[in-house]
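Take a look at the structure set out below.
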Amino acid sequence: MKRFFALLLCSTLAFTSCGEDLDDNLVLKTEAETTFNFTHNWDETEVTSASFDSIQYLNQNGDSLSIEKLRYLISDITFSREGEEDIVLDIYNLVDVTNSTNLSFSPETKIPLGQYTNVSFTYGFDDEDNIENAYPDLNSENWEVPNIQMFGNIGGYHYMQLEGRFINNADEETTYAYHNIRAADGMATPITTQDTSIQVNLGAITITNDITFQVKMNIAEWFQNTYQWDLNTWNSSLMGNFDAQLRMNENGQNVFSLGTVTQ
Amino acid sequence: MKKGFIYLLLIISVSACSKSDSPETETYEPTPLPLSIPQLFSDRIISPVIPNNNPQTVEGVALGKKLFFDTKLSGDETMACASCHSPQSAFTNNTPTSEGIDGVFGTRNSMPLFNLAWNYRERFTWDGKQLSIERQALEPVENPIEMHSDWTDVINKLQSDSEYPELFRLAFKTSLITKELTTKAIAQFERTLISANSRFDRYTLGQETLTSQELNGLDVFLREDKGDCFHCHGTPSNPLWTDNIFHNNGLDTNVTDLGLGGVTGDSNDNGKFKSPSLRNLAYTAPYMHDGRFETLDQVIEFYSTGLQNSTTIDVLMKNIDNGGVQLSTQDKADLKAFLLSLSDPSFLTNPDFQE
């Protein structure tokens, strides 16, 4: 009796648990889950929140600096194929290095296996998505840009907040807040704004299975290539500084690169 | 014999599942009372944090309110939570620091209590040492310079009271009182303390106009080349008016109270305190974690010319060498007018919050 029950139990368990696996093997995989891991470095040195707060990085201009806070937004991950429409994932992810959250992002939408001519995303929000009060979760993170003339009377959201301290030309420790937003010239008539989000191209890839992309940000690049950033002149109140925003956009072109890809 | 035993087990397990065998089981359930979320909050920010193991109920909130105002929670029965958190002062008090039952003053300014359920990171008190509203409520009761009691005594008093056991049964389906249930009830009441009806709120909803002075004050608050207050205290997009994050806003060069640093043990956190909400400032003087400023004018003067440099001063504090943001007399007056438009008189008189 006992044995019979045990046998019955075991075999039921065995059958039901095996069921799905068998099916899985029979059905051919046609779509892949994608994952984007965001990692950060200062040239050859890895940067995590554990390396924050101490003045240890040297920028191209020769200023020593620390990082105390780093968060930035990415959006609209796009998969491009030959002869077919782009697959655009209308998503966003606030990468928060300070609190080590959202360092990894997996869009819900699965991507068909196949050859892609490019995988890309937007650093920041392009104008189409950069809409005042559109994202309560970002408001809750105090990520919004105030709707005032100085910032183009348009609201929207930050692209990046990079903050820390540096040693200035007078050899004193002082602070910087490298905040990147849609460039706005609130003093011009009419007020001008410019979409300074950046399309980051990770390049061509053949997706054969679930896939993980490492996206690297070299923070040093924000201060060089092609504009040699001098923190002594531009260290704070940069959101309303149209020229500074354009330079951020210029330097931002080479900040991201593709690291390892696993699938 | 063996077989008989197995059958017995089977019978037991089957009967354990059937309801009809246990007529004692209480069928009563407390009445759910979802938080009434103001429209501005549901439009602009994400949902409040309510722990799964402590849902809001009519009976729980009522019990929590009674406990909040009850002096039985203190050693000599002279002090309630409300003694330092009075509804007439937006649930704080008006002394720089607070006197406990033994006449000893603490070192920190009491905090106003509102919109606590929207503190998403759930770090409470000035230095963030309390990790939930429930857990926070455990502390003042036994704090020797606050209510100076003992939870065992408090529970005994409540258990032998003529009303409490029944109120606990209604709220939690058991008349056996514990400190966990006591603090759960208090936390339910605290979560109902919602303030969202200031003139500025109604302006945001298009129901009110502001004076040009208040509007200019908002501009001063938001502009990078003027107050630049928004990175810590928020913008009209976030009706909380705080980031609930810890910063050193430059009060002292040599910090005596380590603040967050005392909790994390990291000296980079020394002198950091939670940004307070700027709602209801009209009722919450004095200001800062130690209540050092009696008036808003003093606070604004501090940000304008009084900043003290230190190694942990927040990078967002500007022009530190010159003492701060250097506002003109007019801008200071306008900034103050704007700040006061964030005060919500209906919060003080809400009948649900009175003893």
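The values are calculated or read from the model by the stated rules, or taken from the named source; none is laboratory data. Predicted model, so just to flag it, every value in this text is computed and none were measured. Reconstructed Cβ throughout: ideal geometry from the backbone, glycine too, with neighbour counts over all protein chains shown. In case anyone asks, the SASA skips ligands and DNA or RNA and just uses the protein heavy atoms, side chains included. Shrake-Rupley method; radii C 1.70, N 1.55, O 1.52, S 1.80 Å.
In the full protein context, the stretch A:33-262 carries 41 Å² of accessible surface per residue, based on a 1.4 Å probe and ignoring ligands, DNA and RNA.
Computed over chain B with a Gaussian network model linking Cα atoms closer than 10 Å, the most mobile of B:Leu73, B:Leu40, B:Leu193 is B:Leu40.
Rounded, prolate or oblate: which one fits the stretch A:33-262, using the alpha carbon gyration tensor with axes a ≥ b ≥ c (rounded when a/c is under 1.5, else prolate when a/b beats b/c, else oblate)? Oblate, because a/c is 1.5 or more while a/b does not exceed b/c. Decide, for the stretch B:39-195, between rounded, prolate and oblate: order the square roots of the alpha carbon gyration tensor eigenvalues as a ≥ b ≥ c, take rounded if a/c falls under 1.5, and otherwise choose prolate if a/b is larger than b/c, else oblate. Because a/c hits 1.5 or more and a/b fails to exceed b/c, the stretch B:39-195 counts as oblate.
If you roll a 1.4 Å probe over chain A with all protein chains in place, what percent of the accessible area is carbon or sulfur? Whole-percent figure for carbon plus sulfur exposure: 48.
Against chain A, whose longest principal axis is taken from its Cα atoms, helix A:242-252 shows a tilt of about 40°. Can you pull the percent of chain B's accessible area that's carbon plus sulfur, 1.4 Å probe, other chains left in place? Of all accessible area on chain B, carbon and sulfur atoms account for 55 percent. All other residues with a Cβ under 10 Å from the Cβ of A:Asn169 taken together, and with Lys, Arg as +1 and Asp, Glu as -1, what is their net charge? Around A:Asn169, the charge tally is -4.
Segment A:Glu82..A:Lys216, full-extension length gain: 45.6 nm, with 0.36 nm per residue of separation and the alpha-carbon distance subtracted.
Take the Cα of B:Asp102, step 7 Å toward its Cβ, do the same at B:Lys72, and the gap between the two points is 2.5 nm. For the chain pair A and B, the buried solvent-accessible surface (1.4 Å probe, both sides summed) amounts to about 2500 Å².
Projecting the Cα positions of A:His40, A:Gly83, A:Pro146 onto the charge dipole of the stretch A:33-262 (unit charges on Cβ atoms of Lys, Arg, Asp and Glu, taken about the Cα centre) puts A:His40 furthest along the positive direction.
Taking the chain by itself as reference, the stretch A:137-154 contains these residues with an accessible-area loss of 40 Å² or more in the full protein complex (1.4 Å probe, heavy atoms): A:Asn139, A:Ser140, A:Asn142, A:Glu144, A:Pro146, A:Ile148, A:Met150. At a Cα cut-off below 30 Å, give the lysines reachable from B:Lys318, other chains included and same-chain residues fewer than 8 away excluded. Result set, ordered by chain and number: A:Lys69, B:Lys129, B:Lys226, B:Lys272, B:Lys274, B:Lys332, B:Lys336. Taking the chain by itself as reference, the stretch A:106-133 contains these residues with an accessible-area loss of 30 Å² or more in the full protein complex (1.4 Å probe, heavy atoms): A:Asn133. Accessible surface for B:Lys173 stands near 90 Å², nearest 10, in the context of the full protein assembly shown (1.4 Å probe).
Using +1 on the beta carbon of Lys and Arg, -1 on that of Asp and Glu, and nothing else charged, what's the dipole of the protein assembly as shown about the Cα centre, debye to 20?
Using only the charged Cβ atoms, the result is roughly 1740 debye.
Compared with the dominant Cα axis of chain A, that is its longest principal axis, helix A:2-26 is turned about 50°. Contact-buried residues of the stretch B:310-347, at a threshold of 50 Å² lost accessible area versus the chain by itself: B:Val315 (1.4 Å probe; DNA, RNA and ligands ignored). Heavy-atom accessible area for B:Ile46, with the other protein chains in place and a 1.4 Å probe, reaches approximately 70 Å².
For A:Trp234, the solvent-accessible surface with a 1.4 Å probe is about 50 Å², rounded to the nearest 10. A 1.4 Å probe run over the protein chains yields, for the stretch B:199-345, 38 Å² of accessible area per residue, whole-number rounding.
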